[in-house]
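Quick notes on the structure that follows.
The values are calculated or read from the model by the stated rules, or taken from the named source; none is laboratory data. Please read these numbers as outputs of a predicted model, since none were measured by experiment. Ideal geometry is used to build each Cβ from the backbone, glycine not excepted, and the neighbour counts take in all protein chains shown. These area figures cover heavy atoms from the full protein model, side chains too; ligands, DNA and RNA do not enter into them. Shrake-Rupley method; radii C 1.70, N 1.55, O 1.52, S 1.80 Å.
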Amino acid sequence: MGRVQRFEISLSNSRVIYSPGEPLSGTVTVRLAGALPYKAIKVNCVGSCGVSNKVNETSWSVEEQYFSSTLSLADKGTLNAGEHSFPFQFLLPASAPSSFEGPFGKVIHQVRAVIDTPRFSKDYKCSKVFYILSALDLNEIPGIEQSNVVSTTKKFNYKLVKTGNLTLNVSSDLKGYIVGQVINLHADIINKSGKDAAAVVASLVQKVAYKSRRSMYDLRTIAEVEGSAVKAWKHAQWEEQILVPALPQSLLQGCNLIHIDYYIQVSIKNPEVVVTLPIYIGNIAVNRERLNLSSSVTENPSMLVPSAPPADEDIASGYHPMDNISIPTKSHSQQQHAPFSYAPGLSFQGNQTESDSAGSPNHPTLCLSTGATVPYYAEGAVVPLPTAGSLILPPEYSTWGYPYEAPPSYEQSCTSANSSLNNGN
């Protein structure tokens, strides 16, 4: 650096994570071996988002800025040899979105300082990244207190001439969860046929949408549980739990280029039946008292089990008795990660791994890497990129004939399931 031996930004109390609307203060420190003439010393606080069409690109296709404020720390003059400190303070806007980092884009907040030197001399620059956590209160999400239930019935053929029906009813205890909470799942599978159905699988899926010139989607299976197969003429019940790991919150409010969704998908491969339950992951838990009050005002209906039309062999042989059973869980695959945090010092309960200490304290992980990334709309061939684990694509995406079309939204998925139920298909 020539005469500049040290040029850095430090934040007060060594903080690196803030809430929207908070003051951010710190010091710019310069240590010189000799005198340094300058035109100005300035510090800038800026928040922005960038999105690219390719994985881990450093140049953005689309950008948006949330705030930018500049302070002049010193006017034209000369800094003598030695150490100089320049304090500063900014007020973060209340609308600033949470920090986030993913394969196709990021929301980044930073403080940048510059020593503007006379003509033909080198300018000196430094920066310090900090993180914003805009807490998502699940109680403020419309309809969060309503039941989270979905149902569908699939009519299918087997043994060439026989037909049967498989009804899948799924519910979760809540619509919103925080890190460390348990998702309680209940599934009713009614197999009105003489054919055994395949195993039932439930997955917690993260979908991140990046809006560039063309939308990109990053789908990741966070956890997966598999139950046993459902035998012929059985009414099976499956109770299962999924622990919510450390994950970025839903929505990413305040950002127009990146949107985060989560949902529970329950599927059976043969016959192919799929339902999805949209859920939210936030920072402030759902008020259970509010849920109890809501259920006392309006009667909470039990899960509806649609009556399927009788199968052909039912008509021929008369009524076939249905056995009620509970099916066990065969496997439980939960991605094992260190507790997620936006910055050191802000962590959730859990066991630390050796990789925790190896990570840079100035660059905390903001987005889990669980599964392979499939870059929709990427230039050239679409090739899965291996990351921490293998990708398990949701069935409704893996069976598509046109992979360059965007996956359906939550609303489209739920509408599709409801229409399938109403049509009896």
Inset, instruction - Could you tell me the accessible area of HIS186 in Å² (1.4 Å probe, neighbours in place), rounded to the nearest ten? - result: 40 Å²
Inset, instruction - Compute the label zone of ILE284 within segment 238-268: residues whose backbone N is under 17 Å from the point 7 Å along Cα-to-Cβ. - result: 249-254
Inset, instruction - Take each of the peptides 243-250, 29-36, average the number of other beta-carbon atoms within 10 Å over its residues, and list them starting from the highest. - result: 243-250, 29-36
Legend entry - segment 21-111: GluC sites (Glu not before Pro) in DSSP loop, at most 16 other beta carbons within 10 Å: GLU57
Inset, instruction - Note down the accessible area of SER12, probe 1.4 Å, to the nearest 10 Å². - result: 40 Å²
Inset, instruction - List the pair-distance distribution P(r) of segment 150-276, using every Cα-Cα distance, as the percent of pairs falling in each 10 Å bin from 0 up to the bin containing the longest distance, rounded to whole percents. - result: 12, 37, 27, 17, 7, 0
Legend entry - Entries in LYS231/LYS269; LYS106/LYS207; LYS54/LYS125; LYS128/LYS207; LYS195/LYS234 that, when Cα-Cα distance is taken, lie over 20 Å: LYS54/LYS125; LYS128/LYS207
Legend entry - Contact order relative to length of segment 202-259, as percent, for alpha carbon pairs under 8 angstrom and 6 or more apart: 37 percent
Inset, instruction - Could you calculate the FRET efficiency of LYS162 with ARG214 from 1/(1 + (r/R0)^6), where r is the beta carbon distance between them and R0 is 60 Å, rounded to 0.05? - result: 0.85
Inset, instruction - In whole angstrom, note down how far apart the Cα centers of segment 62-102 and segment 232-277 are. - result: 41 Å
Legend entry - Rg [Å, one decimal], Dmax [Å, integer] - segment 4-132, C-alpha atoms: 16.3, 47
Legend entry - Gain upon complete extension [ASP123, GLN237; 0.36 nm per residue less C-alpha separation]: 34.2 nm
